Amino acid sequence: MAIKRRQLLILGGLAIGGGLGGAAFSGILSRQPEANSPPDPQAPITNNPKPAKSTVAVKRSSNPAPKGLYAPTRGDMRIVVISDLNSAYGSTDYIDQVKQAIAFLPDWEPDLVLCGGDMVAGQSNDLNDGEIAAMWQGFEKYIGAPIRKAKLPFGFTIGNHDGSGSVYNGKFSFERDRNAAKKYWNDPKHNPNLNFVDRAEFPFYYTFQQDDIFCLVWDASTATIPTEQLQWVEKSLASEVAQKAKLRMAIGHLPLYAVARGRETGGNYLNEADRLRSLLEKYNVHTYISGHHHAYYPAHKGKLELLHTGVLGDGPRRLLSGDLAPNRTVTVIDIKLETSETIYTTYDMDTLKVVDQSTLPRYIDAPNGRITRRDIKI
Ligand SMILES: [Fe+2]
């Protein structure tokens with residue numbers, strides 16, 4: 001993994017909500033685009049092995065951005081990443097920062113919007129079926145419908161508050177949450193506008209291809225991904241469609257390595273992280289995107305990049321290292337396909353300034369291993 005360059009970005013324009021933008025570093029990393037594993041001739045089960053190009057007409061400008069915000073140069077493909085949108089248990093509304101970010105989305109002109117989960121605020125046995133349904137109606141009103149109206153493909157992973165995969169005595173502990181999530185997402189009116197490759201287990205785990213990027217979504221709503229699902233992961237990543245894509249990404253709610261205070265305990269990050277990382281590395285997955293920790297930290301470990309997304313809704317957290325104040329963030333990823341460079345521009349959604357990557361800790365010692373800030377070569 002080689003650092004191509006580090007740019008000092010000078011922000012221009014007034015930030016909404018008052019104040020001027022500041023200077024920021026935008027990390028850029030390059031990885032070899034070639035697949036390092038032969039495709040598995042046996043697999044995978046697909047319902048659309050040759051996904052069509054996106055039919056969404058997206059107007060192109062060289063550096064689209066919401067008015068007044070720093071405007072990065074767009075890559076060959078642009079992804080906007082949001083995560084952890086919810087508020088208190090049962091909430092049917094979202095805080096202003098969430099609404100602002102959703103309103104901004106079309107202005108970044110992304111090819112894809114990704115969400116790291118916790119879109120609603122379930123995982124409480126005190127909520128009845130009507131209250132669970134009302135949360136998804138709130139999601140539809142404030143998040144789902146505006147994104148569809150903007151014709152933006154929306155990839156997401158299920159969080160522990162959306163439909164926890166926790167199992168007790170062979171039964172899902174939050175089966176009503178799981179059923180509500182499934183009902184919402186399988187309603188044709190809520191079509192996320194993705195080019196699915198395998199949607200047999202959608203919305204819990206599935207794959208899609210957006211332009212030249214293959215995305216695998218796994219169910220990391222709990223710390224253990226079942227063996228049979230991991231077999232599906234391997235088959236999917238080994239498939240011709242995955243390996244022929246210019247770049248592969250994986251997304252799940254829990255991270256492989258803990259980054260936030262209060263989230264460093266077991267159950268808040270994936271079990272057997274090194275083994276899972278090796279699986280992703282084996283099939284040349286470029287980046288694993290996660291939520292749940294409510295603290296932005298772009299990192300790498302081994303051959304894998306790790307985007308720990310910040311929170312957008314309630315409950316920003318401090319990183320395990322350093323003394324930075326907690327914040328809420330949205331990350332724009334610009335991808336240069338030929339070189340597999342990914343350029344992050346992360347906005348603090350309270351100040352609307354760009355987060356200066358160099359202010360983040362150079363590394364974090366998670367309970368299960370050290371991860372390093374993504375611009376630091378080791
Ligand atoms: Fe979560």
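What follows is calculated from the coordinates using simple rules that are stated; it is not laboratory data. In this text, all values refer to a predicted model and were calculated from it rather than measured experimentally. No Cβ is skipped: glycine too gets one built from the backbone with ideal geometry, and neighbour counts run over all protein chains shown.
Filter LYS301/LYS377; LYS149/LYS182; LYS67/LYS99; LYS189/LYS246; LYS99/LYS151; LYS303/LYS377 down to the pairs with a C-alpha to C-alpha distance above 19 Å, please.
The answer is LYS149/LYS182; LYS189/LYS246.
So how do PHE208, PHE174 line up by other beta-carbon neighbours within 10 Å, fewest first?
By the 10 Å Cβ count, ascending, the order reads PHE208, PHE174.
For a test of the definition: using alpha carbon positions, the gyration tensor, and the 1.5 limit on a/c, classify the stretch 155-246 as rounded, prolate or oblate.
oblate
Rounded, prolate or oblate: which fits the stretch 235-287 when a ≥ b ≥ c are the square roots of the eigenvalues of the alpha-carbon gyration tensor, with rounded for a/c under 1.5 and prolate only if a/b beats b/c?
Judged from the Cα gyration tensor, the stretch 235-287 comes out prolate (a/c at least 1.5, a/b above b/c).
Counting other C-beta atoms within 10 Å, which of ASP219, ASP93, ASP350 has the fewest, and how do the rest follow?
ASP93, ASP350, ASP219
Would you order MET77, MET119 from fewest to most other beta-carbon atoms within 10 Å of each residue's own beta-carbon?
Placing the least packed residue first, the sequence is MET77, MET119.
Dipole size in debye (nearest 20) for the stretch 108-204 around its Cα centre, Lys and Arg Cβ +1, Asp and Glu Cβ -1?
280 debye
Using label points projected 7 Å from each Cα along Cα→Cβ, tell me how many nm separate ASP107 and LEU324, to one decimal.
2.3 nm
Can you give me the distance in nm between label points at ALA88 and PHE172, each placed 7 Å from the Cα along the Cα-to-Cβ direction?
According to this spin-label approximation, the distance is 2.7 nm.
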